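To keep things clear, I will list the structure first and then write my remarks on it.
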């Protein structure tokens, strides 16, 4: 077994057939050859994010009368570094250890992935035309925290046909499905690997597969491939050696070292935009020409072109048999093997398909700086451990860098409005901090929804960063829909899914509170968030009191809160009433409402009449946001009492009244804030330091 090159980079070994280890046997070639699945050994300490309910800041030891402070992992989010560090240059360098490797295709698990967490689904990576299996090198560590990652390695000299590769993958899929029939199997296929993944899915419609197709090869551009094939046929077989001799590109040579240094320098400087990425890739490719020439010697490249044509023809004939849910990731600058018309056909043919386009990315999508596969999976709610995605149990907490990105995306809003956070202590005192908020769940936060939900980003980010309270927001179902040709780009809702949004329903509230989570509920919903002129700070709560009874079942605290400041940042000039009188805008509003699923025949109530529209807003010079969290309402021990509708109604009205009081308090007190205006705050920060906390009114 030729594993010398693999072992040097991944510390691989053949797995024995003991009770705790397994042998994976597969016929990888035309002759019956038994090969082991390679598994990397690594002893690591788990770095998994906190649980969905949030990590407690303090824990009391049952045996000792002392309190242990638990560090908030998000407290240093502002200085967090990117989760992913590797790039195209690293990929090309590490492929050098694969030279000379012979034998049939086989699976390996990268060392960086670490041991999979219990219950993790299997992820099979099918490489692109390079065949090395290292295409996920940038994502290994993060993927290894939520998947059991296997990568397919196809040696350079291997000539296994597309049909036999599909059989190889299919045998592995069936074997693992028999071992864990209740877990999905993920297949990440890149370029030609995407074709193989679709073929496997078409042949196994009854196996639960989830496909992630990266720049799938949908056609071969004959205008380029035919001249390339003819040119390769006349080139000498020793082209790698000739390249090194003619151009002087040898590993360790001064010229090669200089190009590698330039590539690393561009990467460290993180030159922005398309140009920076292209420049770095040019240096990386130039410095690794010998590597590329050895990955693609003449005979291999000719074989890959024929393999590509065969795989594309096969998948196009079987595409209608695919039943697996599919996520397609495509680059805006990759047009040689990818046809957008074919992608559109796939998206309409495949029964459960979502397409995400990355306009500024090129051929090396998974090796580019602004692409994080795990984050994309979070954005699309594509991760699951069972038959369907569970928004509570399958949720993955954001990393500190992902939180930093969210804070940076809303930096202008947060810096422009300088949020003031007030909370209420147990003795009724109001303090300018979040000290009055319960650290332990279950907690249900109910409050007022500003226009367009402007209050959400500062509140969710600050609570997580300062208090380690992760608010799981009950969110309108339209956020989780992926409607084809919708008037709304689904990407605008990514942040809600990343930060833990859950489709609003009584069952969602029940499950979250059962998990002792901190739950954010806006009873006024879309009607409140998309209110009309003159309706700011008006509550549109329904008459139902279900959240009170659910909260009492788990003894959850109900925290009422109010927010003001929307009238300090914008004015509504076109609301839904105005847009109904403008034909073009009316059509858009009706279409958006239908996409959101808000049409309720026969429901004339305020909440039932939830128009989805884009309000016309005129921005102002920013004022300030003010948040006031009232004293928590206790429901512990009141489950039987609150089963009575009248008693539940009393608590419901109490919560609503306290939200209104919080709003009234803030509206009154902000008039006495000497730093309510942007100019006053800028002058204060310029003299006290830009990281200083700006004072507010006296409490």
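Here are a few things to note about the model shown:
- Pairwise FRET efficiency - residue 538 versus residue 182, Cβ, R0 = 30 Å, nearest 0.05: 0.05
- Distance from the C-alpha centroid of the range 162-184 to that of the range 89-121: 19 Å, rounded to the whole angstrom.
- Segments 384-397, 651-664 sorted - mean Cβ within 10 Å per residue, highest first: 651-664, 384-397
- Looking at the range 419-525, the DSSP beta bridges with both ends there are about 20 percent antiparallel.
- Cα radius of gyration and Dmax for the range 400-672 (Å): 18.4, 56
- Between the range 324-369 and the range 544-591, the alpha-carbon centres lie 35 Å apart.
- Additional length obtainable on full extension of the chain from residue 415 to residue 594, 0.36 nm per residue less Cα span: 60.9 nm
- Highest average packing first - 566-572, 148-154, Cβ atoms within 10 Å: 148-154, 566-572
- Within the range 198-218: backbone nitrogen closer than 11 Å to the residue 317 label point (7 Å, Cα to C-beta): none
- As a length-normalised measure over Cα pairs under 8 Å and 6 or more apart, the relative contact order of the range 400-672 settles at 26 percent.
- Here residue 643 and residue 76 are evaluated by their C-beta separation; at R0 = 56 Å the FRET efficiency comes out at 0.80.
- Efficiency of FRET between residue 489 and residue 96 - r from beta-carbon atoms, R0 35 angstrom, step 0.05: 0.25
- Extension reserve of the residue 118-residue 567 stretch, reckoned as 0.36 nm per residue once the Cα distance is removed: 156.7 nm
The numbers here are math on the coordinates, done by the rules we state, and not lab data. Here the structure is a predicted model, which means the values were calculated and not measured. Every residue, glycine as well, gets a Cβ built from its backbone with ideal geometry; the counts of neighbours run over all protein chains shown.
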